[in-house]
Amino acid sequence: MTDRLSQRAGSWAWFLAGSITTLVLGTLALVWPDVTIHVLGVLIGLYLLVTGAFRFVTVFGRRDTADRLPGLLVSLLLLLGGVLCLRHPFQTVAALSLVVGAVWLLSGVIALYGALAAEELPSRGLVAAVASLGIVAGIVVLALPAESARVLTRLTGLWLVLLGLAETALALAWRSSLHRPADTAQADDLGHPI
């Protein structure tokens, strides 16, 4: 089972599928800004669950088992946030904002640490930029927890679209690094970019 997960995680296409999912969910949140808090809670919960599942699988693409711990922590954090959002979709916007803000902030910090610690990581600067964007989005949402559902919907939709675009760029950069003759062996040894 671990070998199958490792083969899937080693595919840039798997990472691209996760980024396209993020992009689609963000676009849906922007297209319908007047959705109820229930629908917003369900969308965010589904996003967190799907992203957590994609991250969990991609962790197995890393060669060194010591590098898997930060990825596992992020995936568990995303899954936990998704379950909380799906379990209580009628909670206030402030409570939902706190969950989403905390997840974005903590996952951004962990991803930034991974980008700074792994000097041989391909597209390291882009990974650090995406992580920093997550940190900023988390801080903004945590600083304004009592904003309306419409503002949270737009912030969430905008963040998901930006994150989906950035992750798509990372997936394509990863694919490009795998196709370079001189970098092929190095890219295979590095595994997943995030």
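The values are calculated or read from the model by the stated rules, or taken from the named source; none is laboratory data. The shown structure was predicted, so the numbers you read here are calculated from the model rather than taken from an experiment. Don't worry about glycine lacking a Cβ; one is built from the backbone with ideal geometry, like all the others, and counts go over all protein chains shown. Remember, those area values only see protein heavy atoms, side chains included, never the ligands or the DNA or RNA. Shrake-Rupley method; radii C 1.70, N 1.55, O 1.52, S 1.80 Å.
Answer yes or no as to whether Leu43 is buried (at least 18 other Cβ atoms within 10 Å of the Cβ), of a type outside the set (Ser, Thr, Tyr), at pLDDT below 85 and assigned to a helix (DSSP H, G or I).
Yes: the conditions hold for Leu43.
So which of Leu133, Leu163, Leu106 is within 19 Å of Gly52 (Cβ to Cβ) and touching a Ser or Thr at 6+ places or on another chain (Cβ under 7 Å)?
Leu163
Are any residues in region 54-64 open to solvent by less than 50 Å² (accessible area, probe 1.4 Å) and of a type outside the set (Val, Ile, Thr), and if so, which ones?
Result: Phe54, Arg55, Phe60, Gly61, Arg62.
Of the residues that sit in region 74-92 and are open to solvent by 80 Å² or more (accessible area, probe 1.4 Å) and either closer than 15 Å to Phe54 by Cβ or part of a loop (DSSP other than H, G, I, E, B) (or both), which one is modelled with the highest pLDDT?
Only one residue tops the list, namely Leu76.
When you go through (1) at pLDDT 70 or above; (2) farther than 17 Å from Thr156 by Cα one by one for Leu98, which number turns out not to apply?
The number of the failed condition is (2).
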